[in-house]
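Engineer: Can you read through this structure? Questions will come right after.
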Amino acid sequence: MMTCKEKALEWGLSIRTINNFCKQGKIPGAIKVNSRWQIPDDAKKPDDGRITSGKYTTSAEPQVLKTLPIGISDYARAQSQYYYVDKTLMIKEFLDQKPLVSLFTRPRRFGKTLNMDMLRVFFEISDEDTSKYFVGTNIWKCGKTYHDHQGKYPVIFLTFKDIKFESWSITLDKIKALLQAEFGRHQILLDSDKLAQYEKEHFLRILNGTASEVDLTSALEKLSQMLRKHYNIAPIIIIDEYDTPIQEGYSKDFYDEIIGFMRNFFSGAFKDNKNLSYGFLTGIAQESIFSGLNNLNVNSIMDCDYDKFFGFTHQEVLDMLAYYNVLDKEEELKDWYNGYLFGNEEIYNPWSVINYVSKSCVPQAYWVNTGKNEILDDVLKVATDDITERLHALLQGENVVARIDQNVVYRELSEDPGNIYSLLLVAGYLKISKKELQPDGSYLCEVSIPNREIAAVYKSEILSHLLQIGAITRTTANKIAESLYIGDLSKLQKAIAEYMDKSISFYDGGSEGFYHGLFLGLIALMDNQYKIKSNRESGDGRYDICLFPKTSKYPGIIMGFKWGSNLNNDTLDKLAKEALTQIDQKRYDSEMSEIGVTNVLKLGIAFSGKKVKIRTE
């Protein structure tokens, strides 16, 4: 049996064409094994619809490839004008299960807004015949039972994805404007003979922008009641990225205000609301505002329901690569953008995949460059020495054991820094390798960095945080890395002293652990040449930091740290020598010897306030 690539070379056709032949049944004996087509060695080339003239081959009907929907969250446009990865079976799964209120928690840019708009277009009553956007899709192939729900419900739709402001007052103004626009979509209610005058007056206060905060908190509840009266069917309420303003409130110190508003706003809409057919919400995490909502069905990345509908599956990625004739890029794309596990489904980052394919398959950190990585920034602000060390272990490709609580909220980040792993997981910065359910409903998990793209952002953000970029440039970190490569201790000591003098308060240097974490940040740039380990057992003790070379052209490096308060230069030098002696006495180079590293640079490093002294053999 041969692969599509091998047959493409033999027949002089594209890999995409061979894949399409297999899908269309034009190659007898072709079978799919582990998502890849296998073709009999003696298979004959089928007619591919081309005509030959002289020595040139032309296509009778050249195919015009659809472009990919970068930044398109409008379902009707994405489905009709772009290459659309069909997620419409999400509608079937929902109609089969019929949960009253559903919350879908997924990382940003994993298709939440597009999926919510798909639900809106499918369910919403419209003057336009919107069934045309579903004919031929997977949901339409499921039959009349599902067709009967199309275009039958009034829909309230709000997306909070762009509510990112510095203060509560501006945030509230933006929410008011969104409600004003949504009420404007339903102005038919003002002419309804089924509504009371006081209801229309409330409607007009929202529409005219004169509504009070109390009016705003009850807006969803009141609008759903009016829509049910007018249409004689309860509406569907869809709230996209509900927690974006909550995250901003946490970062910008108006958390109490936004939480108080949202609790009342959503309670009226979803708790015991008889004027609700179904409710949908999306966000990154589940917030405490839903604690009293007993009809909420939460679908997180840990759950198997709906696991295929946010992000791209492996088969969806293969189909896309085949369509654009770039199947040879499968492994590179997988290395960079795969690695997420939602329920039992292996998932690719959809934003990065479509950017990668549309931009000539150049691998870059597309997802992490779409905006500030606020969650990771918040995490680093409260990171303990232990957490900092674990983050560096993750950067080295290691698994870290962590307790994952799906119900963790932003405020709990500062109360217990151990919650950072839960937030990093739901935000897309970690993946689960193994998990074990605990009696309290949390999970004990092995987590790791999903792919090369996320590794890039960890490296950048952690380095920026630990080096306090803004007080000093990355140039100093480069000097430190270069000094270690060539063993120039004079240059190394000068670079470290320069960094400490410009960016560290005298009062910051209050423990050996502080300098330990500092140095982990300073050497983060070296992870391409070295595997960096910290606080590991070797010989007769635990070394501080070891850099294990990935190639023999670099020396192994062992660092021992000592710290003292208000030391003069002579005493600091003696302390550095003591740190160096301890490396030999405790045989910290044992692990180096076991893996055959014979060229080892041993550094005794002593700190006191902003002063540093380095000794070596």
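The values are calculated or read from the model by the stated rules, or taken from the named source; none is laboratory data. Computed from a prediction, not measured in an experiment: that's the story for all the values here. We place every Cβ from the backbone using ideal geometry, glycine too, and count neighbours over all the protein chains shown. Keep in mind that these areas ignore ligands, DNA and RNA; they rest on the heavy atoms of the full protein, side chains included. Shrake-Rupley method; radii C 1.70, N 1.55, O 1.52, S 1.80 Å.
Engineer: Looking at the square roots a ≥ b ≥ c of the eigenvalues of the Cα gyration tensor of the chain, which shape do they give, rounded for a/c under 1.5, prolate if a/b is larger than b/c, or oblate?
Structural biologist: It is oblate, given that a/c is not under 1.5 and a/b is not larger than b/c.
Engineer: With all protein chains present and a 1.4 Å probe, how do K141, K271 order by accessible area, largest first?
Structural biologist: Per-residue accessible area, sorted high to low, gives K141, K271.
Engineer: Output ³J(HN,Hα) for the stretch 575-589: one whole-Hz value per residue in order, computed from phi by the Karplus curve 6.51 cos²θ - 1.76 cosθ + 1.60 with θ = phi - 60°, and x for Gly and Pro.
Structural biologist: For the stretch 575-589, the Karplus-derived couplings read 5, 5, 5, 4, 4, 5, 4, 4, 4, 6, 4, 8, 6, 5, 8 Hz, x marking Gly and Pro.
Engineer: Next question. Pop the C-beta distance of N599 and E578 into the FRET formula with R0 = 30 Å and round what comes out to the nearest 0.05.
Structural biologist: Working: r = 24 Å, r/R0 = 0.80.
So the FRET efficiency works out to roughly 0.80.
Engineer: So how tilted is helix 475-486 from the main axis of the chain? Cα-based, degrees 0 to 90, rounded to 10.
Structural biologist: Relative to the chain, helix 475-486 is tipped by roughly 50 degrees.
Engineer: Here is the link list: K577/K602; K98/K274; K176/K200; K577/K611; K574/K613; K98/K132. Which ones come out longer than 19 Å on Cα distance?
Structural biologist: Pairs exceeding 19 Å: K98/K132.
Engineer: Same structure again: Percent of accessible area on the chain owned by carbon and sulfur, 1.4 Å probe?
Structural biologist: Taking all protein chains in place, the chain shows 46 percent carbon and sulfur surface.
Engineer: For the stretch 163-254, what is the relative contact order in percent, using Cα pairs closer than 8 Å and at least 6 residues apart in sequence?
Structural biologist: Relative CO of the stretch 163-254 lands at 38 percent.
Engineer: Using a basic spin-label model with each label point 7 Å from the Cα along Cα→Cβ, how many nm lie between L9 and K610?
Structural biologist: Roughly 6.3 nm, to one decimal.
Engineer: Further question: When all C-alpha to C-alpha distances in the stretch 229-276 are sorted into bins of 10 Å, what percent of pairs does each bin hold, rounded to whole numbers?
Structural biologist: 23, 41, 24, 11, 1
Engineer: With θ set to phi - 60°, apply the Karplus curve 6.51 cos²θ - 1.76 cosθ + 1.60 along the stretch 173-186 and write out the HN-Hα couplings as whole Hz, x wherever there is a Gly or Pro.
Structural biologist: 4, 5, 4, 4, 5, 5, 5, 4, 5, 6, 4, x, 5, 10
Engineer: Suppose R0 equals 30 Å. What FRET efficiency, 1/(1 + (r/R0)^6) with r the Cβ-Cβ distance, do N478 and C361 give to the nearest 0.05? List each step's numbers first, then the result.
Structural biologist: Details: r = 30 Å, r/R0 = 0.99.
After rounding, the FRET efficiency stands at 0.50.
Engineer: Amide H neighbours of I156 under 5 Å, at least 5 residues apart or on other chains, H built in the peptide plane: list them.
Structural biologist: Amide H neighbours of I156: I236, I237, I238.
Engineer: Another question about this same structure. Once amide H atoms are placed 1.01 Å from N in the peptide plane, what residues at a sequence separation of 5 or more from N599, or on another chain, have their amide H within under 5 Å of its amide H?
Structural biologist: G556
Engineer: Sticking with this one: Helix 489-503 versus the longest principal axis of the chain: what angle, 0 to 90°, nearest 10, using Cα atoms?
Structural biologist: Taking the Cα atoms of the chain, the angle to 489-503 is about 50 degrees.
Engineer: Among the listed pairs K87/K229; K87/K359; K152/K334, which are separated by more than 30 Å between their Cα atoms?
Structural biologist: Correct reply: K87/K229; K152/K334.
Engineer: Going by average Cβ density within 10 Å per residue, which order do the peptides 220-226, 354-360 take, highest to lowest?
Structural biologist: 220-226, 354-360
Engineer: Can you sort Y485, Y530 by solvent-accessible area, 1.4 Å probe, largest first? Working shown, then result.
Structural biologist: Details: Y485 60, Y530 0 Å².
Order by accessible area, largest first: Y485, Y530.
Engineer: Residue by residue through the stretch 243-256, which ³J(HN,Hα) values in whole Hz follow from phi under the Karplus form 6.51 cos²θ - 1.76 cosθ + 1.60 (θ = phi - 60°), with glycine and proline marked x?
Structural biologist: 9, 4, x, 5, 4, 5, x, 5, 6, 10, 6, 10, 4, 4
Engineer: Something else now. Let me know the shape class of the stretch 303-347, please: from the alpha-carbon gyration tensor, a ≥ b ≥ c as square roots of the eigenvalues, rounded when a/c is under 1.5, otherwise prolate if a/b is greater than b/c, or oblate.
Structural biologist: Details: a/c = 3.80, a/b = 1.86, b/c = 2.04.
It is oblate, given that a/c is not under 1.5 and a/b is not larger than b/c.
Engineer: Please list, in chain and number order, the residues 5+ apart from K531 or on another chain whose amide H is under 5 Å from its amide H, with Hs placed from the backbone.
Structural biologist: F548, K550
Engineer: Compute the angle between helix 512-522 and the longest alpha-carbon principal axis of the chain, please, reported from 0 to 90 degrees and rounded to the nearest 10.
Structural biologist: Once rounded, the angle reads 70 degrees.
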